[in-house]
Amino acid sequence: MITAVLFILLFLGIFMGMPIAIALGFSSIVTIYYLSGDSIASMGLKFIENLTDHYTLLAIPFFVLSSAFLSTGGVAKRLIRFANAGVGHIRGGLAMASVLACMLFAAVSGSSPATVAAIGSIVIAGMVKTGYPEEFAAGVISNAGTLGILIPPSIVMLVYAAATEVSAARMFMAGFIPGIMMGSILMLAIYIYARIKGLPAQERVSAREFFSAAFSASGGIILIVIILGAIYGGIASPTEAAAVSTIYAFIIAVAGYRDMGPLKEIPWRYEGENAGSAIVRNTWQIMVGIPKAFFAPDVQKVVLDGAKVSFMLLFIIANAMLFAHVLTSERIPHVIAEAITGLGLPAWGFLIIMNLLLLAAGNFMEPSAILLIMAPILFPIGLQYGIDPIHLGIIMVVNMEIGMITPPVGLNLFVTAGITGRSIVWVVKACLPWLSLLLLFLIMVTYIPQISLFLPELIDSLRTR
């Protein structure tokens with residue numbers, strides 16, 4: 001009875017147009033107040049505990065702010081230039097470069113919609129001008145943008161780690177190979193399509209241009225090394241690495257690339273200026289400019305935008321955890337676990353049911369909310385079947401990827417529609433051919449655990465030597 005009321009209220013709120021966070025909180029409060037043995041006071045305490053007792057969640061605002069600085073600071077343009085210099089000369093190379101740029105940007109943003117917005121706003125128009133069909137360009141970017149939540153660092157992985165109390169660092173390790181693999185599958189499909197349709201290839205760039213592009217993009221690439229190197233090397237936790245990445249992103253955007261703040265558009269070296277003078281001038285300007293940047297309107301806008309996104313995500317997470325608290329207090333996950341295990345399904349049968357549930361949920365809800373609701377239910381069942389918690393988490397994350405490009409709530413669809421000026425229906429049709437690749441990849445990740453577990457196990461073995 002309580003379970004039915006809880007979920008009926010939730011889906012009723014969603015279909016009435018309530019924001020997902022409000023729907024989660026509303027259904028939880030009504031259930032607690034009228035049907036549960038819990039008090040409203042305990043609910044208030046639980047709401048606060050949801051955010052204060054999960055240290056891992058502190059990484060989310062840091063990664064969001066870091067992504068905001070780099071998105072605004074022009075890192076996306078430099079990563080695209082570098083990717084294009086590397087693979088642009090292959091037939092279909094501009095599309096392949098777009099996927100590679102999405103993979104690189106995913107490693108500094110941790111967000112799928114941010115990846116689509118940053119890369120897609122530049123490359124979709126560029127592909128169309130070069131002779132690619134607009135549908136093809138939109139479909140490629142929408143799907144490649146989903147890598148934002150699979151390639152570490154990933155906000156969705158942090159949410160799963162907080163919900164299940166598994167290691168966020170091991171989740172990041174587990175997502176690295178699947179992310180590279182999915183990007184490679186997309187690039188291979190682009191190459192085959194390009195050969196069949198005769199899509200254009202660009203001229204091979206000179207060695208000088210390649211190294212120039214690599215140096216230009218090094219600001220973003222070094223951030224990837226800082227984050228993943230610190231986490232994989234055991235030097236810092238994901239939260240600590242996220243804090244460092246925010247400071248680095250601020251410095252590189254203000255003092256390195258100079259796309260915002262008081263040093264904006266001031267060149268590193270004026271024409272005819274000798275090296276010594278340039279070094280002295282830039283040292284002085286950076287020392288004076290960085291403190292002034294805190295008061296620069298464009299920097300303050302980036303911080304404010306990052307704060308808004310962080311607040312939205314954390315509000316969704318807090319309400320979703322409150323919903324999960326109701327589930328747990330009423331022993332709903334235990335009842336469902338007993339019912340499923342009582343069916344006598346094999347592990348592969350359970351994984352099919354889990355994927356179908358997550359794919360269905362992805363059509364209607366935001367990934368973080370889905371994980372916080374479904375993980376407490378599916379996690380204990382997976383453990384009973386002997387499924388590794390990290391492997392289970394990667395399966396869930398790949399399902400969330402697919403949810404980003406399935407209507408009616410696929411966030412990537414709305415971002416791509418905004419970039420192209422097309423309708424959601426048009427974007428959905430553009431994404432459908434590529435969706436089959438994601439589904440194939442989901443099957444591979446589900447039934448080949450070593451795709452996810454190879455790197456964490458390898459790093460663990462190296463640490464114990």
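The values are calculated or read from the model by the stated rules, or taken from the named source; none is laboratory data. The shown structure was predicted, so the numbers you read here are calculated from the model rather than taken from an experiment. Counting neighbours? That spans all protein chains shown, and the Cβs are built from the backbone with ideal geometry, glycine included. Accessible surface is based on the protein model in full, side chains and every heavy atom, while ligands, DNA and RNA are left aside. Shrake-Rupley method; radii C 1.70, N 1.55, O 1.52, S 1.80 Å.
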task: Please report how far the C-alpha centroid of the range 345-370 lies from that of the range 218-293, rounded to the nearest whole angstrom.
output: 42
- prompt: Okay, which of the range 250-268 sit inside 17 Å, backbone N to the point 7 Å along the Cα-Cβ direction of Phe294?
  reply: 250-252, 254-255, 261-263
task: Report, to the nearest whole %, how much of the accessible area of the chain belongs to carbon and sulfur atoms, 1.4 Å probe, protein only.
output: 70
query: Any idea what the dipole of the range 147-215 comes to, in debye rounded to 20, about its Cα centre with Lys/Arg Cβ at +1 and Asp/Glu Cβ at -1?
result: 240
- prompt: For the range 234-297, what are the per-bin percents of Cα-Cα distances with bins 10 Å wide, up to the bin holding the maximum?
  reply: 21, 41, 25, 12, 2
statement: In nm, the gap between the two label points placed 7 Å beyond Cα toward Cβ at Tyr34 and Tyr447 is 4.5
- request: Compute the distribution of all C-alpha to C-alpha distances in the chain, in bins of 20 Å from 0, and list the percent of pairs in each, rounded to whole numbers.
  value: 24, 55, 20, 2
task: Rank by packing, highest mean first: peptides 229-239, 180-190, 284-294, 62-72, with packing defined as the count of other Cβ atoms within 10 Å averaged across residues.
output: 62-72, 180-190, 229-239, 284-294
query: Ignoring ligands, DNA and RNA, what accessible area per residue does the chain give at 1.4 Å, in Å²?
result: 42
field: Which of Ala201, Met312, Val427, positive extreme of dipole for the chain (C-beta unit charges)
entry: Ala201
Leading residue at positive end of dipole, the chain (Cβ point charges), from Asn282, Leu392, Ser98: Asn282
task: Compare the peptides 386-394, 336-344, 145-153, 257-265 by average per-residue count of other Cβ atoms within 10 angstrom and give them in order, highest first.
output: 145-153, 386-394, 257-265, 336-344
field: Simple spin-label estimate for Ser218 and Phe414 in nanometres, 7 Å along Cα-Cβ
entry: 4.0
message: Charges at C-beta only: +1 for Lys and Arg, -1 for Asp and Glu. How large is the resulting dipole of the chain about its Cα centre, in Debye rounded to 20?
response: 1200
field: Centre separation in Å (Cα based) which lies between the range 112-158 and the range 378-445
entry: 14
- request: Report the convex hull volume per residue for the range 251-333, counting only C-alpha atoms, in Å³.
  value: 116
- prompt: Leu343 to Ser206: extension gain in nm, 0.36 nm per residue of separation minus the Cα-Cα distance?
  reply: 43.0 nm
